[in-house]
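Undergrad: Below you will find the structure I want to go over with you.
Each reported figure results from applying straightforward, stated rules to the coordinates on display, with no laboratory input. All of these numbers come straight from a predicted model, not from anything done at the bench. Cβ sites come from the backbone with ideal geometry, for glycine too, and all protein chains shown count toward neighbours.
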Amino acid sequence: MPIWKKPTDRTYLENTLNKNTLGETLGIEITEVGEDYLEGRMPVDHRTMQPFGLLHGGASVALAETLASVAGFLSLSEGKNLVGVEINANHLRAAREGFVVGRATPIRLGRTMQVWEVKIVDEKDRLVCVSRMTGAVVGE
């Protein structure tokens, strides 16, 4: 059973939620909305690399928080939003080129708090980063 309470069509995701954001600047795209997950990808390029030619850990965290925040927002009724209050990340493997793909899945969808896990893999499906974000539900 789908968890989404707000629109999940590509136009809404790209033009309303990603336009003029850090996600757009980093080239993050929402690529798939499943019944209980949100998936997106980010290029490993000049925008997301650190000076030594590797994916920047902060870019991985930005991807994770973008996916978890958007997913959390979409899972809430109108008038409610999710704001991140804590995020952690374990960087497990370097990425040097191509794209990384993140998948956000809920651990807890509570009335006042949500917890999301985001696994980020490279193009060979090797785990690059695992992150967990806690968000507070705000609004009416």
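Undergrad: How much net charge surrounds L26 when only the other residues with a Cβ under 13 Å from the Cβ of L26 are counted, with Lys and Arg +1 and Asp and Glu -1?
TA: So the environment of L26 carries a net charge of -2.
Undergrad: Sticking with this structure for a sec: State, in angstrom, two size descriptors of the stretch 10-139 derived from its alpha carbons: Rg to one decimal place and Dmax to the nearest whole number.
TA: 14.0, 44
Undergrad: For the chain, modelled as a GNM with alpha-carbon contacts under 10 angstrom, which of R93, R103, R111 fluctuates the most?
TA: Highest fluctuation among the options: R111.
Undergrad: Helix 57-74 versus the longest principal axis of the chain: what is the Cα-based angle in degrees, 0 to 90, to the nearest 10?
TA: The angle comes out at about 20 degrees.
Undergrad: List the chymotrypsin sites (Phe, Trp or Tyr not before Pro) within the stretch 1-102 that fall in a DSSP loop (any state other than H, G, I, E or B) and whose Cβ has at most 11 other Cβ atoms within 10 Å.
TA: Here the chymotrypsin sites (Phe, Trp or Tyr not before Pro) that fit, given the DSSP loop and packing criteria, are F52.
Undergrad: Based on the Cβ-Cβ distance from D125 to D45, what FRET efficiency comes out when R0 is 25 Å, to the nearest 0.05?
TA: Computed FRET efficiency for D125 and D45 comes out at 0.80.
Undergrad: What is the count of Lys pairs in the chain whose alpha carbons sit under 20 Å apart, if the two are 8 or more places apart or on different chains?
TA: Taking the Cα cut-off of 20 Å, the pair count is 4.
Undergrad: In nm, what is the difference between 0.36 nm times the number of residues separating N90 and D9 and their Cα-Cα distance?
TA: Result: 26.1 nm gained on full extension.
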